[in-house]
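Values in this text are rule-based calculations from the coordinates and carry no lab data. None of the values given here were measured: they were computed from a predicted structure. Every residue, glycine as well, gets a Cβ built from its backbone with ideal geometry; the counts of neighbours run over all protein chains shown.
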Amino acid sequence: MEFSGIFAALTTPFEEDGSVSLTGLKHNIHRYNATDLAGYVVLGSTGESVLLSRAEMDSILVTAIDVVGKGKKLLAGTGAESTAETIDRTKRAADLGYPAVLVKTPHYYKPSYKPDVLIAHFRRVADESPIPVLLYSVPQFTGVALEAAEVAALSEHPNIIGIKESSGNVQRVGEMIAGASPEFQVLVGSAPTLYPSMVLGARGAILALACSLPEKCATRFELVRQGHHERASELQSVLARA
């Protein structure tokens, strides 16, 4: 399953009374469907998933899959603190028709999350998941980073097909690409480092910036992919300011 291109890390709209605005979510996705984005992620960090109730999360999953445009790939964020809860959320996304899930690292009990523990967690989720799994490392929020050695080990699992690496550390991205299996797809979550990451072999990105500037982000991806590096570098400078 190919996940190259630019994916918007969708926001969760809210009504004035603080409830989730499913009407707003539909409106946003319909507008994004007309762009050159490859797809979207719901219930990620930009979607404020950690602040939502289980019922709110489920309503978002149901709504998004119902209005996603033809040809757009839709990923569901399903990571939770416990392995069992992560598996349960992942199976729910699969039942609704999501093609793949994005699973962040657990992070509350940081002293216990040694590499072997994280590897065991993700392997168990992937074993139980009916659909492909992308890892999600976002240490600026969780305080837990997946390193290249762990990613290399996890890339050998047939149901773990990639990672969203959001640290902004280009060296780490390069080490992951070099150490993982050739089919493993590395996407980045840091807009300022997309250009150098793609030069190293990243397949694309899942970006919050793509919510505001979807066409600019998609154009930058295409310029790099087609080898127009001077134009890509100029656009990168503009987007870095944004």
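Report the extension gain between Ser82 and Ala152 in nm, rounded to one decimal, defined as 0.36 nm multiplied by the number of residues separating them, less their alpha carbon distance. Numbers along the way, then the final one.
Details: separation 70, 0.36 × 70 = 25.20 nm, distance 2.27 nm.
This chain segment gains 22.9 nm when fully extended.
Listed by chain and number, the aspartates and glutamates placed with their C-alpha closer than 20 angstrom to that of Lys216 are Asp36, Glu230, Glu234; residues fewer than eight positions away on the same chain are left out.
Based on Cβ point charges of +1 for Lys and Arg and -1 for Asp and Glu, what charge dipole magnitude is obtained for the chain about its Cα centre, in debye rounded to the nearest 20? Please list the in-between numbers first.
Numbers: 22 positive and 26 negative charges, 73 e Å.
Approximately 340 debye in magnitude.
Multiplying the residue separation of Gln140 and Ala34 by 0.36 nm and subtracting their alpha-carbon distance yields 35.0 nm. Distance from the C-alpha centroid of segment 142-176 to that of segment 7-32: 29 Å, rounded to the whole angstrom. 3J(HN,Hα) couplings calculated from phi for segment 206-215 with the Karplus curve 6.51 cos²θ - 1.76 cosθ + 1.60 (θ = phi - 60°) are, in sequence order, 10, 10, 5, 4, 5, 5, 8, 10, x, 6 Hz; Gly and Pro show x. Between Gln226 and Val67, the modelled labels are 3.1 nm apart [label points 7 Å from Cα along Cα→Cβ].
Here the chain is described by how far its Cα atoms reach on the three principal axes: 48, 44, 29 Å, from widest to narrowest.
Set Lys and Arg Cβ to +1 and Asp and Glu Cβ to -1, take the dipole of the chain about its Cα centre, and tell me which of Ala8, Ala84, Val138 lies farthest positive. The residue sitting farthest along the positive end of the dipole is Ala8. Glu215 to Val50: FRET efficiency via 1/(1 + (r/R0)^6), r the Cβ-Cβ distance, R0 25 Å, to the nearest 0.05? Computed FRET efficiency for Glu215 and Val50: 0.25. The spacing between segment 47-65 and segment 99-114, judged by their C-alpha centroids, is 19 Å. Close amide H pairs (under 5 Å, H built 1.01 Å from N) link Gln185 with Gly162, Ile163, residues at least 5 positions away or on another chain. Look at the alpha carbon pairs under 8 Å that are at least 6 residues apart: their mean separation over the length of the chain gives a relative contact order of 19 percent. Of the residues Leu96, Leu75, Leu135, the one that moves most in a GNM of the chain with alpha-carbon contacts below 10 Å is Leu96. Note on the chain: with a GNM built from Cα contacts shorter than 10 Å, the maximum mean-square fluctuation among Leu146, Leu213, Leu37 falls on Leu213. Put simply, the amide H of Thr105, placed in the peptide plane, has neighbours under 5 Å in Tyr136, Val138, leaving out anything fewer than 5 places away on its chain.
Looking at segment 15-85, what % of the alpha carbon pairs are farther apart than 19 Å? Walk me through the numbers before you get to the answer.
Working: 838 of 2485 pairs.
So the portion of pairs separated by more than 19 Å is 34 percent.
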